[in-house]
Amino acid sequence: MESREKTDIGKSNGAGGPATRRKFFGATLLGTGVLGAAAAAFGGLITGLLQPLHRRQPAGADDTGTGAFLFVTRFENLPEDGTAMRFPVITDPVDAWTRYQSRSIGNVFLRRVKAGTEPVDRMDPSMVAAWNARCPHAGCTVNFRRQEMDFFCHCHESRFLADGSLPGERSHSPRPLDSLEVQIRGDGEIWIRFQQFQVGTPEKKPLT
Amino acid sequence: MIRLLINLVREWTGPAESHGSAGTDGGPTQAAAERNLLSIPARVLHFWVPDRGSWGFAMVVSILGCFGLLTVSGFALWLFYSPSVNSAWESVFFIENRVAFGHWIRGIHYLTSDVLIVLVIIYLIYQVLSHSYTRVGGLWFYLTLGLFGLILFSSLVGLLLPWDQQGYWSTRIRLDITSSLPVAGPVMAKILSGSEPLGHLSLTRSTVFHMGLVPPAIIFILLAMAGIHALDRKNRADAGRQPSSAALADILLRSGVVWMVTLLAIFLSGGLHMVLGGEENWGAPHLKGPADPASNYPIARPEWYFLWLFQSLKYFPGEMMIIGTAVIPGMLTLFILAMPIAGRHRWGHRANCTIGLFVLCVIAGLSLKAFLTDYWDEDYNIQRETAMMEGRRAVQLATDGIPPQGALAMLKQDPMTRGPELFAAHCASCHRYNGHDGQGLIPEDPQSAPDLFAFASVPWIEKLLQQSHFQSGRMFGGTEFREGEMAEFIEEDLSGLDDEDTTALTEVITALSAQAGLPYQTELDAESATEQMLATIASGREHLVYTFGCVDCHEFELPDEDATAPLLTGYGSKDWLTGFIANPAHPKFYGDSNDRMPAFLDESILTEEQIGLLADWIRQDWKFAPAPDIAGSWLKPDGN
Ligand code: FES
């Protein structure tokens, strides 16, 4: 648009005096101004829209609670027979401008492994298996079925064995349940490094 | 009637079309004046309407009408809507329950968007069948497709806005699937979600998409369509094809018919939700509970137009999932985009129609399958009913005013909502609640501890003190107490009583139950009880101590170091119950003779708050509580 103005003015320049020159400057100024304002406005909009792509969120990664070790429950609360139990993961997460007090940011399944072995070493992290309760297929919440001793997802009927793995038959889920890191602190406190993972992919990709 | 309408329209538009011939029924001056007056709207109309009647044009008119309805109702809703995690659900509740006609406005907005989607789909099919999808080199068809895409997008984004469980979870899953798509998937999901995990910023963003960006984009497309249409009309007019007033009448009639059908569909789709979805009122589906990211919402389903994709995921297990999420939708899109091009050839058009019909049938079949699977699935229906009840309960509590922390926090402190969850998770492997696990399901483990429905009420204690019931599976039959001292006492001292003692026992039961201060037994309440009742209670206390000698084992009123059985002071009250759940093996309660019950507080299985909620729930001590239905339970006289 600007350039057209220029050529138009250029043509009449021969016959023109100071009036045409003023017109030329005016047009250029206005054109640049309009373009600049439009660029700034759209730039602002686009930056705003793309803001979630930025690595650094206004609330740092710690504030969402994911990726850090969090206390979940005590060892004694896990059934001795190896039944998996669902526990909420509680922390003080920040959502944009709100800091919540003790709010659940997801669910985990915990299960005593080597059930029935004696003596029970409640300080040994390998005694406890932990999984994110979200189905790796499309993200529904999985249930533990006591009778079958397996995990079952109602959404598309995915099944996982008690150790979180896929059963022999073909499963809907592209990968086993997402296991989580376990630490045992103090006198049998179970701490979990809570993470969410990309669903629907064969590889287990943590979401940051 | 229709004749009349056509004639009316013809009369009205007549002068513009019949140049000069109008002079017959009036003076020449009058005719000219009439022409001047009437010709403007008539010309405008003639400029826009096609030269023959067409259902396609009528559908466009209805699409415009729906868009108008959505815009107007949308603005009305926008006046009250507040996008943030602790105000979105709350403001929609306010719209539904406090704003004049709010329920109707939201209903119209919701249902119209569904009907609009159907309408655009029908219009697309119509274009293919009438072979008009090649119009302007397919541009018209593509613009319609663009419109369709925008409407779908806006509808999907709009579902999150109420921030209830349904909207939250369907969005959650949709975003997860989006981010699993190859190449641009993760980036798109991030831009759409606004923040991860979903929160305030997802709502502000969805608001902008739904109310700020999509409507102008739709208007832009509609303007482009209008422009093309006008050009098209002009070309035809230049070629000497003038529309006739009969055609105009025809057009108006068809548009009217389609619009009426559209309105009827909006009305009926509300009815459909009532018949198939179990809704109580006409309008948008009832709000579910406020979104709780930490909850388990197993009944999350996509909207009806994506149900077929949801179903198709079931056929592509494991690594083949991408076929269902990306390949099939991608191929379908490509096919639709190629249709106008292929349609230029005769065989191409036939192929379009055949393949299109086939695809439609498959989609319809899959959708039906998905719907029926859920419809017949008992578990699904129970869980759905639970979700709907939670929604109704949240609304019921909200009518009393929502605390500043928001509706989710409010619901989290409601014994009626939390009790069943906690009971099912922590108690129901041994106890029952009127035969079920508190949530209406029968647990897998057999019952091995008392049924706690209406615990400590008069009928409950009556059952407790009858040997047949005490030793039955409903009470202590599954515990060590089956053969304990209490069982012995009931057998020896409480059976075969004479009339006098029977009356005394009834009074003891009344006195004991009065200790609990149950909110639904107001007749026993010290403040509201009648003189006569107070006398009964007083005499019951006497009998408890002196006639039956309960204090030989139980502590009652006076401190008793040697008591071996649970405390009877304040029996069944909130203090008693929370203390008991906290640690039943406390010397006040069972002491060493505790059977299997864990110390829920001392072993930090439950928090104090959770125990309080559980106790309140067992005592049915909650807001807006109906009295428990004793007559419909096993506690009714002679029930078992
Ligand atoms: S989400 Fe679990 S099976 Fe699909």
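The values are calculated or read from the model by the stated rules, or taken from the named source; none is laboratory data. Bear in mind that the values here come from a model prediction, so they are computed numbers and not experimental data. In this analysis, Cβ positions are derived from the backbone assuming ideal geometry, glycine residues included, and neighbour counts consider all displayed protein chains. Calculation scope for accessible area: heavy atoms of the full protein, side chains included, ligands and nucleic acids excluded. Shrake-Rupley method; radii C 1.70, N 1.55, O 1.52, S 1.80 Å.
Taking amide H positions as modeled 1.01 Å from N, with prolines and chain starts lacking one, the residues under 5 Å from A:T73 and 5 or more places away or on another chain are A:I190.
Region B:467-519 and region B:398-451 have Cα centres separated by 27 Å.
Other protein chain C-beta atoms within 10 Å of residue C-beta, averaged over B:313-326: 5. Per residue, the convex hull spanned by the alpha carbons of region B:415-632 comes to 129 Å³.
Mean sequence separation of contacting Cα pairs (under 8 Å, at least six apart), scaled by the length of chain B, corresponds to a relative contact order of 12 percent.
Ordering B:W617, B:G318, B:Q471 by Cα displacement along the dipole of the protein assembly as shown toward the positive end leaves B:G318 in first place; charges were set at the Cβ atoms of Lys, Arg (+1) and Asp, Glu (-1). Each Lys or Arg adds one and each Asp or Glu subtracts one; over the other residues with Cβ under 14 Å from the Cβ of B:S448, this totals -2.
For chain B, the fraction of C-alpha pairs farther apart than 50 angstrom is 36 percent. Relative contact order, whole percent, for region B:283-367 stands at 32, derived from Cα pairs under 8 Å and 6 or more residues apart.
Taking the Cα centre as origin and putting +1 on Lys and Arg beta-carbons and -1 on Asp and Glu beta-carbons, what dipole magnitude results for region A:61-193, to the nearest 20 debye?
300 debye
Between A:E203 and B:W55, the simple label model (points 7 Å from Cα in the Cβ direction) yields a spacing of 5.2 nm.
So which GluC sites (Glu not before Pro) in region B:444-524 are both in a DSSP loop and have at most 14 other Cβ atoms within 10 Å of their Cβ? Qualifying residues, ordered by number: B:E444.
Residue order by solvent-accessible surface for A:V108, B:V99 is B:V99, A:V108, largest first, with ligands and nucleic acids left out and a 1.4 Å probe. Charge dipole (Cα centre; +1 on Lys/Arg Cβ, -1 on Asp/Glu Cβ; no other charges) of the protein assembly as shown amounts to roughly 8700 debye. Each residue of region B:328-343 was assigned a 3J(HN,Hα) from its phi angle through the Karplus expression (A = 6.51, B = -1.76, C = 1.60, θ = phi - 60°), giving 5, x, x, 5, 4, 4, 4, 4, 5, 5, 7, 4, x, 6, 5, x Hz with x at Gly and Pro. Charge dipole (Cα centre; +1 on Lys/Arg Cβ, -1 on Asp/Glu Cβ; no other charges) of chain B amounts to roughly 7300 debye.
Within the protein assembly as shown, what percent of beta bridges assigned by DSSP are antiparallel, to the nearest 5? Display every interim value, and only then the final one.
Numbers: 36 of 38 bridges.
Approximately 95 percent, going by the DSSP bridge assignments.
Largest accessible area first, the listed residues A:E80, B:E390 line up as A:E80, B:E390 when surface is computed with a 1.4 Å probe on the assembled protein chains.
In loop segments of region A:124-186 as defined by DSSP, the trypsin sites (Lys or Arg not before Pro) with at most 11 further C-beta atoms inside 10 Å of their C-beta are A:R170.
Taking a ≥ b ≥ c as the square roots of the eigenvalues of the alpha-carbon gyration tensor, region A:61-193 is classed oblate because a/c is 1.5 or more while a/b is no larger than b/c.
Farthest toward the positive end of the dipole of the protein assembly as shown, out of B:P162, B:I108, B:Y520, is the Cα of B:I108, where the dipole comes from beta carbon charges about the Cα centre. The Cα trace of region B:360-488 gives Rg and Dmax of 20.5, 73 Å, the first to one decimal, the second as a whole number.
Taking all protein chains together, A:H54, B:H426, B:H469 sort by accessible area into A:H54, B:H426, B:H469, largest first [probe 1.4 Å].
Scaling against 2.2 N^0.38 Å puts the C-alpha radius of gyration of region B:76-148 at 1.63. Summing both sides, the accessible surface hidden between B and A at a 1.4 Å probe radius is close to 3800 Å². Accessible surface for chain B, divided over its residues, is 48 Å² per residue with a 1.4 Å probe. Any chance you could tell me what percent of the C-alpha pair distances in region B:138-231 go past 17 Å? I get 55 percent for the Cα pairs in region B:138-231 exceeding 17 Å. Where Lys and Arg each count +1 and Asp and Glu each count -1, what net charge lies around B:D525 among other residues with Cβ under 14 Å from its Cβ? With Lys, Arg at +1 and Asp, Glu at -1, the net is -3. The heavy atoms of B:M388 present about 10 square angstrom of accessible area, all protein chains included, probe 1.4 Å. Take each residue of peptide A:41-53, count the partner chain Cβ atoms within 10 Å of its Cβ, and average: the result is 3.
Only helical runs count toward this figure. For chain B, summing -39,500 (n - 2.57) over DSSP H runs of n ≥ 4 and dividing by all residues gives -19000 deg cm²/dmol at 222 nm. If the Kirkwood radius is taken over C-alpha pairs of region B:389-461, then at 37 °C and 0.692 mPa s the Stokes-Einstein diffusion coefficient equals 241 µm²/s. Using a probe radius of 1.4 angstrom, the carbon and sulfur fraction of the accessible surface of the protein assembly as shown is 62%.
Per-residue mean of other chain beta-carbon atoms within 10 angstrom of the beta-carbon, peptide A:90-97?
4
A convex hull fitted to the Cα coordinates of the protein assembly as shown yields 263 cubic angstrom per residue. The Cβ shell under 12 Å around B:D562 holds other residues with a net charge of -4, Lys and Arg each +1, Asp and Glu each -1. Cysteines of the protein assembly as shown lacking any other cysteine Cβ under 4.7 Å from their own Cβ: B:C66, B:C353, B:C361, B:C427, B:C430, B:C550, B:C553.
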